[in-house]
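The structure appears right after this line, and notes come after that.
Every number in this text was worked out from the coordinates using simple rules, so none of it is lab data. Please read all numbers here as calculations on a predicted model, not as lab measurements. Note: ideal-geometry Cβ built from the backbone for every residue, glycine included; neighbour counts use all protein chains shown.
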Ligand SMILES: Cc1ncc(COP(=O)(O)O)c(C=O)c1O
């Protein structure tokens, strides 16, 4: 019989939402109780208060709350009039919502490749994707860079291509809100930014929620109409086709409290990431943060050698350490998205990363001894066999 070492340590959480809940304690209960007392569950005063605080946090002029990060992306595409016959360029190495919204408005997602080091959209591939879109008879209208795993995309390079190609830039900051790029905060790096408050995000609420950040008052007017069925002077004066996509007052109340500690949490996440990188850089490829940028570490994602990942994940699991793979199947390999066009050179970097990446437990409240357990397990799993 195999002599297996049984390790009987309790499993650790991948993201510990409960640790933050314990820190916030009564402040969250009180904030929710205020809403259940005034009963303005839709568009209550907390919504505007939160929108103002969110815009102030990142330096954008406006924030428009909505029901999810997916809706935030879609509302912007709708507001820009993007639809059938249009192409929107986006990475395939992302969560499906980035491309899903493009298809939902009737336009066509066109996939571009990512950079092997930052995992973010490669500007040269965006230019090739625009050529591919035209070859398919589509009009390239927008590009959606994703701030993958919390690191801002290369906005200088992407904006230059966008200007040359006439593309609107919509930042998918569902994972990146709280990060910075050359002294500017995410929320101000593109003409419109969409973010998500899904509970596991760096700034998450207690359900679904999202927001658009922009400096453009005309865009805000259309977004606020679209999120309430295309309302005009009132909600029964419908001037365009819209949807129901408001940020619930209770979620806004929760977010007001969470935003107060967000800067603190960003510092803590950075410390956790630095410690991982310092202790693991000799055994695997740790994340790279270019000079002048910061990540908000939505995920701490490393690269392994081809073929190592399954065994590695199993060995960590046996020691009570969860891992996750974002994303083992890039969008152009999925049934719902495989028919869409892409960069004529294909997406070789995306395909390779999909085989090699794996994310380790990451949140602001991992204590040193828990992180030591993860680090030790990683090092043991990667130790060359004698
Ligand atoms: C990159 C990206 N875009 C969009 C979304 C969609 O956000 P939501 O779940 O709030 O709709 C997510 C959520 O995981 C995401 O990671």
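Dividing the summed helix terms, -39500 (n - 2.57) for each DSSP H run of n ≥ 4, by the number of residues in the chain produces a 222 nm estimate of -12000 deg cm²/dmol to the nearest 500.
Prolate is the label for the range 141-217, because a/c, from the alpha-carbon gyration tensor with a ≥ b ≥ c as root eigenvalues, is 1.5 or above and a/b exceeds b/c. If you wrap the Cα atoms of the range 308-386 in a convex hull and average its projected area over all directions, you get 7.7 nm².
Considering only the Cα atoms of the range 239-386, their convex hull presents on average a projected area of 14.6 nm². Starting from the Kirkwood radius over alpha-carbon pairs of the range 114-175, derive D by Stokes-Einstein at 10 °C in a medium of 1.306 mPa s and give it in µm² s⁻¹. Rounded to a whole number, D works out at 135 µm²/s. Taking N as the residue count of the range 251-296, its C-alpha radius of gyration divided by 2.2 N^0.38 Å amounts to 1.51.
Principal axis extents of the Cα atoms in the range 125-281, from largest to smallest and rounded to whole angstrom, are 56, 45, 25.
Which residue fluctuates the most in the chain, going by a Gaussian network model with Cα springs under 10 Å, if the choices are 252, 368, 133? Result for the chain, Cα springs under 10 Å: 368 fluctuates most. The relative contact order of the chain, computed from alpha carbon pairs under 8 Å that lie at least 6 residues apart in sequence, is 23 percent. Kirkwood-type hydrodynamic radius, the range 203-313: 18.1 Å, calculated from all non-identical alpha-carbon pairs.
Look at where the Cα atoms of the range 142-193 and of the range 247-312 average out, and the two centres are 18 Å apart. Pairs of alpha carbons in the chain separated by more than 37 Å make up 23% of all such pairs. Over all directions, the projected convex hull of the C-alpha atoms in the range 176-261 averages 6.5 nm² in area. Within the listed set 351, 291, 29, the Gaussian network model of the chain (springs between alpha-carbon atoms below 10 Å) gives the highest mean-square fluctuation for 291. Here the Kirkwood formula, the inverse mean of 1/r across different C-alpha pairs, assigns the range 74-144 a hydrodynamic radius of 12.0 Å. Taking only the Cα atoms of the range 26-108, the ratio Rg/Rh comes out at 1.11, with Rh defined as the Kirkwood radius. The antiparallel fraction among DSSP beta bridges confined to the chain stands at about 60%.
The GNM of the chain, with springs linking C-alpha atoms under 10 angstrom apart, assigns the highest mean-square fluctuation among 257, 163, 46 to 163. Once C-alpha pairs closer than 8 Å and six or more residues apart are averaged by separation and normalised to the residue number of the range 39-121, the relative contact order reads 23 percent. The label-point distance for residue 355 and residue 270, in a model that sets each label 7 Å from Cα toward Cβ, rounds to 3.6 nm. Relative to the current alpha-carbon distance between residue 37 and residue 383, full extension at 0.36 nm per residue lengthens the span by 118.8 nm.
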